[in-house]
2 protein chains.
Amino acid sequence: MKIIINPQRSTWPELVNRPQQSPEELENIVLQVFEDIKLNGDAALLKYTEIFDKVSINSVLVDPAELKNSDLAVAQDLQDALRLAKGNIEKFHASQVQNKGRIETSKGVVCWRENRAIEKVGIYIPGGTAPLLSTVLMLGIPAKLAGCKEIVLCTPPGKNGKINSAILFAAKLTGITSVYKVGGIQAIGALTFGTESIPRVDKIFGPGNQYVTASKLMAQRNGTAIDMPAGPSELLIIGDKSGVPEFIAADILSQAEHGEDSQVIFLSDNEQLILDVIKALHIQLAELPRKDIANAALKNSKAILLKDIHECLEFSNLYAPEHLILAIENPYTMIDGICNAGSVFLGNYSCESAGDYASGTNHTLPTNGYARTYSGVSLDSFVKKITFQEISKEGLQNIGPAIELMAAEEQLTGHKNAVSIRLKTLSYV
Amino acid sequence: MKIIINPQRSTWPELVNRPQQSPEELENIVLQVFEDIKLNGDAALLKYTEIFDKVSINSVLVDPAELKNSDLAVAQDLQDALRLAKGNIEKFHASQVQNKGRIETSKGVVCWRENRAIEKVGIYIPGGTAPLLSTVLMLGIPAKLAGCKEIVLCTPPGKNGKINSAILFAAKLTGITSVYKVGGIQAIGALTFGTESIPRVDKIFGPGNQYVTASKLMAQRNGTAIDMPAGPSELLIIGDKSGVPEFIAADILSQAEHGEDSQVIFLSDNEQLILDVIKALHIQLAELPRKDIANAALKNSKAILLKDIHECLEFSNLYAPEHLILAIENPYTMIDGICNAGSVFLGNYSCESAGDYASGTNHTLPTNGYARTYSGVSLDSFVKKITFQEISKEGLQNIGPAIELMAAEEQLTGHKNAVSIRLKTLSYV
């Protein structure tokens, strides 16, 4: 972890720069796989599963019986943990339901919005060494709450041609009934075009490596919506003298172990805290199973001493972190000043892990500076908000003349006529 | 307008197909202009304004005095009309502010969301024959309500090198203080990269032709957010025996006059109504100033007789129209069945024009079937929703063990440690 002491403000833009991602470079391979899936459907999926995942399967569909019996293979305490997490995620996302808010804007003119679920959604869960069961909850629960009619989950098979039981159990727990053993480019392609087994969906959610990211961008160009542009995970911590070095070091490592391209920025107004955190970091790192990954990630990471906590906040807003931990004495005084962040953790006991798994907030969050413009996944991500208006005769008499004038100015006589022809019938009454 | 009587269900997917858009074909020209702007800034903007808009200007900035005095050039009744529309749009969008919704998900675990404005937004208003002053209101008002710090408006200059006064007045009315005389690809490029005069923005809003659409997609690939993918405007009307043929014909024409690529679909369970509408259409079309455009658009348009109103609704959901007019006896009975639409107009007096200008709803809506996944522009489009969580010692004791189990299953020991190290200090208390 690089230590930087009181950097000049002119260097900030460089300090907040992320390593460049270039998903465009993968465009050719993605295009090729997508074209193949469009033409050959399931056969192409099986072929690429053999090529990319090095495993031969006969069908991408997970046997419904296997899904149903998944709890038999999952320890009771883990089941209970998932149920606790589910309860909290459900409570928080259910609180995001907005009422219709009927408003009479002029007398006789009533406007409101209603939520409608996106009908078919696809959830992608990456494979690899660890089964990301938490992400199944984070995407499946709001999809169910929103009322999506078809919720489809794709995840690559393991070497044994099967899906991890805990993933299946998490899917079952959230009420997902269609799980497919397919990953990477071919999974996103299947969700984009549909195959004999896998339905085409309206929107694709979920994390993944650079191939998955490039595939989601290609899906978007083919008219399928995606949750958000994705990049490597990141954490920014602001700590003052009240910060606990061991806690902060543990938080830094929890982020760094994600991947070699993960990034942590630790800001403080207290040089001693920085030194103590670095010390604790070395001690904890030595014991970490994924220490090689974490070590590589720490090379991209920085501890920066700044003048005061307000300067730290300014720097954080410029960086726009996915996760922001405020390990400071009175975090509430800083909330109003936070402009750009995905999810914020207040005080010494609100560790990022809590939001990653079980506090109730969503862990699918904007990375790579996208927190400047994008929100994390929420119930909103699974619905459209349709506007409605009902205009009575009196209402049209109240706003019609204004519409006629504006339409005339825009030289859209047809727009004007649609009002005039109605007003004319009313003047006869 | 093509009349189709009771089409087979198997033909529906073809009937709801839009004419293909291929913004990718314009990629080369867009790339070239973008590169030039990145290198040469304002000089490139002036050059392309001369090439594409055939007008030579010295500066893209609209003189602040011109903006300030714009009301002198706008008739009083039009000013009043814009003020009425502004009042309604403001009321409806202000009603979209969501409260924080603090939720205690487990004892000691509190989660909530807070809105933060997107800092810098760019509004694009197309040029052409008609000044789209209504779009200035539709984008400027929610941007102001959201609290965006910098709101920039770009619109191409007219042949006299100036911007229409009514556009400037609408900008002034909504509180926009920076207006630039630049249109098309070069405007979107300037907002994406910034130039000496024009600031780089975080998100670009607004309609435009295929060049603007292609440019916005390119902006998105360069990390700038956009409001939504755009296509030609569309209207679907469902009418039963209570529908007024003259009103429906006027609504069809108000849509058809937008552009040759506009599309209208009129569905009814009543053959006589269809015949009466077509008759009224011919009478009204003859008088329309933009009849050539409307006539071309009507060639892409269809009147379809279906079995009953429920079948009409099913067809509409498959089409996912930008605008949906329900000219039926009891539109309220159909609301729950509407799955996919941008904005809905209930009854004989709720014409699309009302929503285009002054009812209060936003007229920036998803086209081309995107209503399946996207909402129209609203206050939400100008903010991010940041999640917050505060976990007390007791809270972490309640959810910590579940987090430890889930993190262990995901083989993310660092995530587990961040909880364990905190819980350990608590067990000493």
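The values are calculated or read from the model by the stated rules, or taken from the named source; none is laboratory data. Just so it is clear, the structure is predicted and the values come from calculations on it, not from any experiment. As a convention, Cβ positions derive from the backbone with ideal geometry for all residues, glycine included, and neighbour counts pool all protein chains shown. Note: accessible area is taken over every heavy atom of the protein model, side chains too, but ligands, DNA and RNA are not part of it. Shrake-Rupley method; radii C 1.70, N 1.55, O 1.52, S 1.80 Å.
At least 3 residues being surrounded by fewer than 24 Cβ atoms within 10 Å (Cβ to Cβ) is the threshold, and among the strands (runs of 3 or more DSSP E) wholly inside the range A:83-146 those reaching it are A:103-106, A:109-117.
What's the total number of residues in the range B:44-60 that are among the hydrophobic types (A, V, I, L, M, F, W, C) and open to solvent by 80 Å² or more (accessible area, probe 1.4 Å)?
2
Residues in the range B:219-233 that are within 10 Å of chain A (Cβ to nearest Cβ) and of a type outside the set (A, V, I, L, M, F, W, C): B:Gln220, B:Arg221, B:Gly223, B:Thr224, B:Pro229.
For A:Ala408, the conditions (1) free of Cβ contacts under 8 Å to residues at least 12 places away in the same chain; (2) within 7 Å of chain B (Cβ to nearest Cβ); (3) open to solvent by 10 Å² or more (accessible area, probe 1.4 Å); (4) within 30 Å of B:Leu78 (Cα to Cα) all hold with the exception of (2).
The residues of the range B:64-109 that are more than 8 Å from chain A (Cβ to nearest Cβ) and either in contact with a Pro (Cβ under 7 Å, 6 or more places away or on another chain) or basic (Lys, Arg) (or both), listed by number, are B:Lys68, B:Arg83, B:Lys86, B:His93, B:Lys100, B:Arg102, B:Lys107.
B:Pro289: in a loop (DSSP other than H, G, I, E, B), facing chain A (nearest Cβ under 9 Å) and surrounded by fewer than 20 Cβ atoms within 10 Å (Cβ to Cβ), yes or no? Walk me through how you get there before you give the answer.
On the way: in a loop (DSSP other than H, G, I, E, B): yes; facing chain A (nearest Cβ under 9 Å): yes; surrounded by fewer than 20 Cβ atoms within 10 Å (Cβ to Cβ): yes.
Yes.
Is it the case, given these coordinates, that A:Phe382 is outside the structural domain of A:His258 (by TED's automatic domain parsing), open to solvent by less than 10 Å² (accessible area, probe 1.4 Å) and modelled with pLDDT of 95 or more? Against the criterion (outside the structural domain of A:His258 (by TED's automatic domain parsing), open to solvent by less than 10 Å² (accessible area, probe 1.4 Å) and modelled with pLDDT of 95 or more), A:Phe382 qualifies.
Considering only residues that are in contact with a strand residue (DSSP E or B) (Cβ under 7 Å, 6 or more places away or on another chain) and not in a helix (DSSP H, G or I), look in the range B:385-405 and name the one that is surrounded by the most Cβ atoms within 10 Å (Cβ to Cβ). Before you say what the answer is, go through the steps one by one.
Pass one, the range B:385-405, residues in contact with a strand residue (DSSP E or B) (Cβ under 7 Å, 6 or more places away or on another chain): B:385-391, B:395, B:398-399.
Of the ones still in play, those that are also not in a helix (DSSP H, G or I) are B:385-391.
Numbers: B:Lys385: 19, B:Ile386: 24, B:Thr387: 25, B:Phe388: 25, B:Gln389: 25, B:Glu390: 22, B:Ile391: 29.
Per the criteria, the residue is B:Ile391.
Here B:Leu298, B:Leu324 are screened, and the one residue that is in contact (Cβ under 8 Å) with a residue 24 or more places away in the chain, open to solvent by less than 40 Å² (accessible area, probe 1.4 Å) and outside any strand (DSSP E or B) is B:Leu298. When we screen A:Glu24, A:Glu35 for residues that are loosely packed, with under 12 Cβ neighbours inside 10 Å and either away from chain B (no Cβ under 14 Å) or modelled with pLDDT under 95 (or both), the only hit is A:Glu24. Close contacts from the range A:3-22, counting a first residue that is within 12 Å of A:Gly369 (Cβ to Cβ) and a second that is surrounded by 10 or more Cβ atoms within 10 Å (Cβ to Cβ), with Cβ to Cβ under 6 Å and a gap of 6+ residues or different chains, come to A:Val16/A:Leu318; A:Val16/A:Tyr319; A:Arg18/A:Asn368; A:Gln21/A:Gly231. Looking at this structure, is A:Glu14 surrounded by fewer than 12 Cβ atoms within 10 Å (Cβ to Cβ) and under 30 Å from A:Asn340 (Cβ atoms)? The answer is yes for A:Glu14.
Checked against (1) over 29 Å from the mean Cα position of the chain (by Cα); (2) in contact (Cβ under 8 Å) with a residue 12 or more places away in the chain, B:Thr425 passes all but condition (2). If you go through the range A:344-376 and keep only what is more than 7 Å from every other protein chain (Cβ to nearest Cβ), open to solvent by 10 Å² or more (accessible area, probe 1.4 Å) and not in a helix (DSSP H, G or I), you end up with A:Asn348, A:His363, A:Thr364, A:Leu365, A:Asn368.
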